[in-house]
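Single-structure report; data block below.
The values are calculated or read from the model by the stated rules, or taken from the named source; none is laboratory data. Nothing here was measured: the structure is a model prediction, and the numbers come from that model. Because the Cβ atoms are built from the backbone with ideal geometry, glycine has one as well, and the counts that use them run over all protein chains shown. The area values use the complete protein model at the heavy-atom level, side chains included, leaving out ligands, DNA and RNA. Shrake-Rupley method; radii C 1.70, N 1.55, O 1.52, S 1.80 Å.
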Amino acid sequence: MSGLKVRGLEKSFGGLTVAQDIHLDLPPGSRTALIGPNGAGKTTFSNLITGILTPGAGEITLDGQDLRALNESQRVKAGVAKTFQITTLFRDLTVRQNLRLAQQERDGRGRAWFRRADSWAEAEDEIDAQLAAFRLKDMSDKRVDDLAYGQQRLVEMAMTLMLKPRVLILDEPAAGVPSSDSHLITDAIEALPEDLAVLIIEHDMKLVFRVARSIIVLVNGAILTQGTPDDIAANQQVRDLYLGGRHHG
Amino acid sequence: MTDTTITPKRTGRIAGIPFLGEAILIALVLAAYFLFPYNLAFLTRILIMVLLVLSLDLVLGFAGIATLGQAAMYGTGAYAAGLFAVHVTGAPLPGLVVGALAGAVLAFISGLVLMRARGLTLIMLTIAVASICHEIANKARDVTGGADGLRGIRMEPVLGLFEFDFIGKTAYWYVFVVVFVVFLLLKRLANAPLGLSLKGLHESPERMAAIGAPVYRRLVLAYTLGGGIAGVAGALAAQVTQLVSLEVYSFNLSAEALIMLILGGTGRLYGAIIGTVIFMTVHHVAAAADPFNWLFLIGLMVLGVVFFLPKGLAHLPTALTRLVRGRT
Ligand SMILES: Nc1ncnc2c1ncn2[C@@H]1O[C@H](COP(=O)(O)OP(=O)(O)OP(=O)(O)O)[C@@H](O)[C@H]1O
Ligand SMILES: [Mg+2]
């Protein structure tokens, strides 16, 4: 029973149902895209998994462990990590410090107070390697706020991966990134560790069809259909409802 | 550019030279001692205030916890140390420990509730805690002396060696050593993982939670540490003035500490020192010259800093260098 398993997930805001009987399996190594029109409930789904929101009903387990009893930070420790739809970073800190913060929490030394934060030599080497992998080496001592948006997205991904998650949720990783830089994001996604389970929420179909091995289409909080990229590309319902094929009628 | 090794910034290090800041501090404290031998009581008050503002810097400048109630912990430290001196022993160092514990315990217990709140609600709650303490101290006349203040504090010599004299020489050095030690410890903390994580809480609690940090518990920890330091400041005040009045809980004290911190610059330890020294000196001099309008001068200074040096006076050298180098 390995990987993330979601059964009968429900959520509503007042009268608005944003998650309706959602079932999903995300075994290690999966590359699943979650697509759907604006307001379909994609970010809400991600928030339910990571513990930012509490579901009305349903089960969420990771390798058989019930996640519902865990709060947000405990779920990170259990292995679920996410990047935000709107870049959420420590903007006044340097790129290196951003990565270091994630690392020191992962290693459980966030409360150490007597030793310098940069005095763990192995840890610093690991940060260097991660910066190199994301081609952020040259800007490691720049404030995040001074970086281009595309680079900030990379910092967020690099930082999230420092947590060594087993399930990674990327909420619109390419949104807001100029097309000249979007290949950086695609490359980074393609270079993710093989055994990591990845759920990509994205509107950019080029990116989705390039990296996803299966696609789930969410409409009004419910799964409309799911399948391989070829299935989805050929699905008339999806074309009509989502891919702008309405006029084919 | 990419080949030059960039030495990481160390919080609290001046011009990158190790211990330059500490050396300057010691030199200034020595100079003040010889230049103003008849103002030692005032200089001692500045040093105590520096400690209170440092505690506020940890809570507000580093961890980003908005508070206007740091006096609650200061006052509780003062009463605890005062009562300890009256009823248990007049030995100063145990009194400091008691003051620190009292401040930390109050901060911890109130923090359990306060750290669930944010923004304006949080500010109002911190003010409320200080007013409640004020009211309790006022009502518990038998213990605290109420509005008359807690009297009868007799201090024994520091470490059994240095007798408190009426000019205040011993008090000055005693307070300086305590403040300096706490400052050094805070400097360690600022550059350690904990310091970084407090800055993280300040910058983005959402991101802190998303990297698995227990945000609430970390905030309570920061508030408790800050409370302990404020408690030490209160204890020092009680010991050297040998009096604790209800004023220790006044809203004014919390507010002035905040102004001093903003003046000097939040999130940088030297800012707390610079802001406090300037505020209290201006207050002292201007209030003597014109007892009614000195606040006006302070107001002007704060305005000037907020507009021209939003990061505080501690940022002045950097800002000037930048100006000279042509804004690169
Ligand atoms: N906290 C909230 N309270 C009430 N309604 C909310 C809340 N968060 C989201 N919603 C609503 O729930 C619906 C789903 O929002 P969600 O952000 O999950 O959509 P999405 O699929 O991520 O859309 P997008 O592609 O625009 O990011 C929207 O109608 C939104 O307005
Ligand atoms: Mg969304």
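Report, ordered by chain and residue number, the aspartates and glutamates lying within cross-link reach of A:Lys137, taken as a straight Cα distance under 13 Å and ignoring same-chain residues fewer than 8 apart.
Those aspartates and glutamates meeting the cut-off are A:Glu124, A:Asp125, A:Glu126, A:Asp128, B:Asp3.
Give me the net charge for the shell around A:Ser46: Cβ to Cβ below 9 angstrom, other residues only, Lys and Arg +1, Asp and Glu -1. Display every interim value, and only then the final one.
Details: positive: A:Lys42, A:Lys82; negative: A:Asp171.
Net local charge, A:Ser46 excluded: +1.
Given a Förster radius of 30 Å and the C-beta distance between B:Asp142 and B:Val113 as r, what FRET efficiency does 1/(1 + (r/R0)^6) yield to the nearest 0.05?
Working: r = 28 Å, r/R0 = 0.94.
Working from the Cβ atoms, E equals 0.60.
Can you work out the FRET efficiency for the pair A:Glu126 and B:Asn293, with r the C-beta to C-beta distance and R0 = 60 Å, to the nearest 0.05? Could you put the intermediate results ahead of the total?
On the way: r = 59 Å, r/R0 = 0.98.
About 0.55, to the nearest 0.05.
Can you give the Kirkwood hydrodynamic radius of the protein assembly as shown from its Cα pairs, in Å with one decimal? Walk me through the intermediate numbers first.
Working: mean 1/r = 0.0376 Å⁻¹.
Every distinct Cα pair counted, the radius reaches 26.6 Å.
Quick one: if the Förster radius is 56 Å, what FRET efficiency do B:Phe34 and A:Asp141 give, using the C-beta to C-beta distance and rounding to 0.05? Present the calculation step by step, with values, prior to reporting the outcome.
Working: r = 43 Å, r/R0 = 0.76.
For B:Phe34 and A:Asp141, the calculated efficiency is 0.85.
Test of the criteria: in segment B:150-250, which trypsin sites (Lys or Arg not before Pro) are in a DSSP loop and have at most 14 other Cβ atoms within 10 angstrom of their Cβ?
Working: sites: B:Arg151, B:Arg154, B:Lys169, B:Lys187, B:Arg188, B:Lys199, B:Arg207, B:Arg217, B:Arg218; in loops: B:Arg151, B:Arg154.
When the trypsin sites (Lys or Arg not before Pro) of segment B:150-250 are filtered for loop state and at most 14 Cβ neighbours within 10 Å, B:Arg151, B:Arg154 remain.
Could you tell me the number of lysine pairs in chain B with C-alpha atoms less than 29 Å from each other, where the two lysines are 8 or more residues apart or belong to different chains? Can you show the working numbers first?
Values: B:Lys9/B:Lys187; B:Lys9/B:Lys199; B:Lys9/B:Lys311; B:Lys169/B:Lys187; B:Lys187/B:Lys199; B:Lys187/B:Lys311; B:Lys199/B:Lys311.
Count of close lysine pairs: 7.
Output the peptides B:119-128, A:32-41 sorted from most to least packed, where packing is the average of other Cβ atoms within 10 Å over each peptide's residues. The partial results should precede the final answer.
Values: B:119-128: 15.0, A:32-41: 19.9.
The most tightly packed comes first, giving A:32-41, B:119-128.
Per residue of A:71-77, count partner chain C-beta atoms within 10 Å of its C-beta, then hand back the mean as an integer. If you can, show how the numbers build up before the last one.
Numbers: counts 4, 8, 11, 2, 3, 5, 2.
So the per-residue partner count for this stretch is 5.
Straight-line reach from A:Lys42: which lysines fall under 24 Å, measuring Cα to Cα and dropping same-chain residues less than 8 apart?
Output for A:Lys42: A:Lys5, A:Lys11, A:Lys77, A:Lys82, A:Lys164, A:Lys206.
Taking θ = phi - 60°, what integer Hz values does the Karplus form 6.51 cos²θ - 1.76 cosθ + 1.60 yield along segment B:34-50, in sequence order, with x for Gly and Pro?
7, 6, 10, x, 9, 10, 4, 4, 5, 4, 5, 4, 4, 4, 5, 5, 4
Mind listing the long-range amide H neighbours of A:Thr225? Cut-off is under 5 Å, sequence gap 5 or more, other chains count too, H placed in the peptide plane at 1.01 Å from N.
Distant-sequence amide H within range of A:Thr225: A:Val217.
Report in % the part of the accessible area of the protein assembly as shown that belongs to carbon and sulfur, leaving out ligands and nucleic acids; probe 1.4 Å.
Working: 16190 of 26330 Å².
The value for the protein assembly as shown is 61 percent carbon and sulfur by accessible area.
Taking the Cα centre as origin and putting +1 on Lys and Arg beta-carbons and -1 on Asp and Glu beta-carbons, what dipole magnitude results for segment B:20-250, to the nearest 20 debye? Display every interim value, and only then the final one.
Numbers: 14 positive and 11 negative charges, 101 e Å.
With Lys and Arg at +1 and Asp and Glu at -1, about 480 debye.
Report the net charge of residues surrounding A:Leu24, where surrounding means a beta-carbon distance below 13 angstrom and charges are Lys +1, Arg +1, Asp -1, Glu -1.
Details: positive: A:Lys5, A:Arg7, A:Lys42; negative: A:Asp21, A:Asp25, A:Glu59.
My count for the surroundings of A:Leu24 gives 0.
To the nearest whole number, what is the average tally of beta carbon atoms from other chains within 10 Å of the beta carbons of peptide A:80-93?
Values: counts 1, 3, 1, 1, 4, 0, 1, 1, 8, 3, 10, 3, 5, 6.
Average neighbour count from other chains, rounded to a whole number: 3.
Starting from the amide H of A:Leu136, placed 1.01 Å from N in the peptide plane, find each other amide H under 5 Å away whose residue is 5 or more places distant or on another chain.
none
Taking the simple approach of a point 7 Å from Cα along Cα-to-Cβ for both B:Leu316 and B:Ala41, what is their distance in nm?
Modelled inter-label distance: 2.9 nm.
Taking the Cα centre of segment B:20-250 as the origin and placing charges on Cβ (Lys, Arg +1; Asp, Glu -1), which of B:Tyr38, B:Ala117, B:Ala72 is farthest toward the positive end of the dipole?
B:Ala117
Given N residues in chain B, what is Rg(Cα) / (2.2 N^0.38 Å)?
Working: Rg = 19.9 Å, N = 328, 2.2 N^0.38 = 19.9 Å.
That works out to 1.00 for chain B.
Based on the alpha-carbon gyration tensor of segment A:58-188 and its eigenvalue square roots a ≥ b ≥ c, which shape applies: rounded if a/c is under 1.5, prolate if not and a/b is larger than b/c, or oblate?
Working: a/c = 2.02, a/b = 1.13, b/c = 1.80.
Oblate, because a/c is 1.5 or more while a/b does not exceed b/c.
Show me the ranking of peptides A:94-106, B:137-149 by mean Cβ neighbours inside 10 Å, starting with the highest. Working shown, then result.
Working: A:94-106: 25.3, B:137-149: 14.2.
The peptides rank, most packed first, as A:94-106, B:137-149.
Please identify the chymotrypsin sites (Phe, Trp or Tyr not before Pro) of segment B:142-187 that satisfy two criteria: DSSP loop assignment and at most 14 other Cβ atoms within 10 Å. Which are they?
Working: sites: B:Phe162, B:Phe164, B:Phe166, B:Tyr172, B:Trp173, B:Tyr174, B:Phe176, B:Phe180, B:Phe183; in loops: B:Phe164, B:Phe166.
Of the chymotrypsin sites (Phe, Trp or Tyr not before Pro), the ones in loops of segment B:142-187 whose Cβ has at most 14 other Cβ atoms within 10 Å are B:Phe166.
Across the residues of B:182-191, average count of Cβ atoms on other protein chains within 10 Å?
On the way: counts 0, 0, 0, 2, 1, 0, 4, 3, 3, 7.
The per-residue average across the peptide is 2.
If one takes the accessible area of chain A alone plus chain B alone and subtracts that of the pair, with a 1.4 Å probe, what total in Å², rounded to the nearest 100, results?
Values: alone 12110 and 16980 Å², together 26330 Å².
Between A and B, the summed buried area is about 2800 Å².
Taking amide H positions as placed in the peptide plane 1.01 Å from N, state which residues far from A:Ile169 in sequence (5 or more) or on other chains have amide H under 5 Å from it.
A:Ala81, A:Lys82, A:Thr83, A:Leu199
In whole Hz, what ³J(HN,Hα) sequence does segment B:299-313 give by Karplus (6.51, -1.76, 1.60; θ = phi - 60°), x for Gly and Pro?
Each residue of segment B:299-313 in turn: x, 4, 4, 4, 4, x, 5, 4, 7, 9, 9, x, 8, x, 5 Hz.
What spacing in nm lies between the two simple spin-label points modelled at A:Asp25 and A:Arg111, each 7 Å away from Cα in the Cβ direction?
4.1
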